[in-house]
Amino acid sequence: MSDKIERIKCLIIGSGPAGYTAAIYAARADLKPVMYTGMEPGGQLTTTTEVDNFPGYPDGVDGPQMMVDLQKQAERFGTQVRIGMVTEVEFSDKVGGIHRACVDNSTWVEAETIIISTGATAKYLGLPSEQRLRGGGVSACAICDGFFYKGQDVAIVGGGDTAAEEATYLANICNKVTMLVRGDQMRASKAMQHRVTNTKNIDLRYNTEVDEVLGDQVVEGLRMLNNQTGEKEEIKITGMFIAIGHKPNTDIFKGKLDMDETGYLITKSKSTKTNIPGVYASGDVQDKIYRQAVTAAGTGCMAALDAERYLAEVESEEGEEVKTTKKVEA
Ligand SMILES: Cc1cc2nc3c(=O)[nH]c(=O)nc-3n(C[C@H](O)[C@H](O)[C@H](O)COP(=O)(O)OP(=O)(O)OC[C@H]3O[C@@H](n4cnc5c(N)ncnc54)[C@H](O)[C@@H]3O)c2cc1C
């Protein structure tokens, strides 16, 4: 058996919409991409049912089915999709340098370029009733799923900017939005707080937590707990949105790539370039603002194009160097 380390042109880490779109473009550009899927093959969309807002599906599409379609499309052009988790990385900071990634703590792969599409994980409260009803009315994405509750009564949990923005978004579509804030004030900016308090159909409850989500197969109600008085109250709702934040999947890149204070990778303006030449970031791992499948796919495309251009530049520079050396030798 050979101990030789595999060397590839383009390694894609993560198999969500960003990773698969990067794979389609990289494979069609003959970069022969290899993708490692991670622990959640298909990414966040495999945790939802209907996706209604991805262009090209006039009747909507089941989230897991959409990811199977994307995988097939990436494989059609020769992407190698492998099950495995990247557990460690070593980057070269030289232009044209070789990067290394360790898979499942055992196998090292060398890559001329790496596209990081490891996404972000939505935070949940952790209540058993909440977990049981995920996909049955409990969602971590109001922009994605709010439409399904048009004209109905819903609740949203959280007190930050995202929660405030999503509450006002839901208020435009739904009949009534009950907003549960754990503390005695919101963490959102003053402007966002103002928007919430000025929206008539948002019922804002401070010092209030979820005691239990009610319903068997689908959400039918919510039992709330006032953490100051201990009082419990039940309301009827059909949808519950959790907006208490996301965690970008960037632990293995800490100290190796530039990231913001919350761990999102920083890319250079209007590109997917990180601070390391040949290493690119696409999708939710570098986007805490839009967090949609279509925006993830868009940046996946950008990352593959950035990688392709980088490799072309490195190759032409190497070609120039060879020519100069030959001239000097002649
Ligand atoms: C409940 C829910 C419903 C949603 N509905 C919609 C919707 O209707 N429409 C819409 O546009 N968006 C929706 N979204 C948002 C959408 O899912 C995300 O914006 C999108 O999936 C982000 O894609 P991504 O490729 O950046 O990352 P993700 O989909 O998060 O995928 C990340 C991938 O990286 C892999 N990974 C992580 N770490 C490693 C590692 N170390 N090694 C290898 N692989 C790794 C994971 O296994 C996963 O495959 C929804 C999100 C949620 C949570």
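The values are calculated or read from the model by the stated rules, or taken from the named source; none is laboratory data. What you see is a predicted model, and the numbers here were worked out from it, not measured in a lab. Positions of Cβ are generated from backbone atoms using ideal geometry, with glycine treated the same way; all protein chains shown enter the neighbour counts. In case anyone asks, the SASA skips ligands and DNA or RNA and just uses the protein heavy atoms, side chains included. Shrake-Rupley method; radii C 1.70, N 1.55, O 1.52, S 1.80 Å.
Each residue of the stretch 4-9 was assigned a 3J(HN,Hα) from its phi angle through the Karplus expression (A = 6.51, B = -1.76, C = 1.60, θ = phi - 60°), giving 5, 7, 5, 10, 10, 7 Hz with x at Gly and Pro.
Rg/Rh, computed from the Cα trace of the stretch 187-330 with Rh as the Kirkwood radius, has the value 1.25.
Between Thr229 and Lys327, what length comes free when the chain is fully extended (0.36 nm per residue of separation minus the Cα-Cα distance, one decimal in nm)?
Residue separation times 0.36 nm, minus the Cα-Cα distance, leaves 26.8 nm.
For Leu214, the residues whose amide H sits under 5 Å from its own are Glu220, Gly221, Leu222, Arg223, ignoring neighbours fewer than 5 places away on the same chain, with H placed 1.01 Å from N. Using equal-weight Cα scatterers in the Debye expression, the normalised intensity of the stretch 124-242 in log10 at q = 0.11, 0.20, 0.21 Å⁻¹ is -0.30, -1.06, -1.18. Using the Cβ-Cβ distance between Glu220 and Asp52 with R0 set to 25 Å, the FRET efficiency works out to roughly 0.65. When the distances between all Cα atoms of the stretch 8-91 are binned every 10 Å from zero, what whole-number percent does each bin get? P(r) over the stretch 8-91, rounded to whole percents: 20, 47, 27, 6, 0. Entry comment: accessible area of the stretch 124-242 is 51 Å² per residue, from protein heavy atoms only and a probe of 1.4 Å. For the chain, taking Cα atoms only, Rg and Dmax work out to 23.0, 90 Å respectively.
Taking the Cβ of Gln152 as the centre, find all other residues whose Cβ is under 15 Å away and add up their charges (Lys, Arg: +1; Asp, Glu: -1). For residues surrounding Gln152, the net value is -1. Dividing the helix sum by the residues of the chain, where each DSSP H run of 4 or more adds -39500 (n - 2.57), gives a mean residue ellipticity at 222 nm of -9000 deg cm²/dmol. Rolling a 1.4 Å probe over the protein chains gives Val154 an accessible area of about 0 Å². Under 5 Å from the amide H of Met259 lie the amide H atoms of Ile266, each residue being 5 or more positions distant or on a separate chain, with H modelled from the backbone and absent for Pro and chain starts.
Across the stretch 136-153, computed HN-Hα scalar couplings (Karplus, 6.51 cos²θ - 1.76 cosθ + 1.60, θ = phi - 60°) run x, x, 9, 9, 9, 9, 5, 5, 6, 10, x, 4, 5, 10, 3, x, 9, 9 Hz from first to last residue, x flagging Gly and Pro.
Judged by a Cβ-Cβ distance under 4.7 Å, the unpaired cysteines of the chain are Cys10, Cys102, Cys174, Cys301. Here's how it looks for Val81: its modeled amide H is under 5 Å from those of Met35, which are all 5 or more places away or on a different chain.
Ordered from highest to lowest accessible area with the whole protein assembly present and a 1.4 Å probe, Tyr20, Tyr124, Tyr310 read as Tyr124, Tyr310, Tyr20. Ranked from largest to smallest solvent-accessible area, with a 1.4 Å probe on the protein heavy atoms, Ser282, Ser106 come out as Ser106, Ser282.
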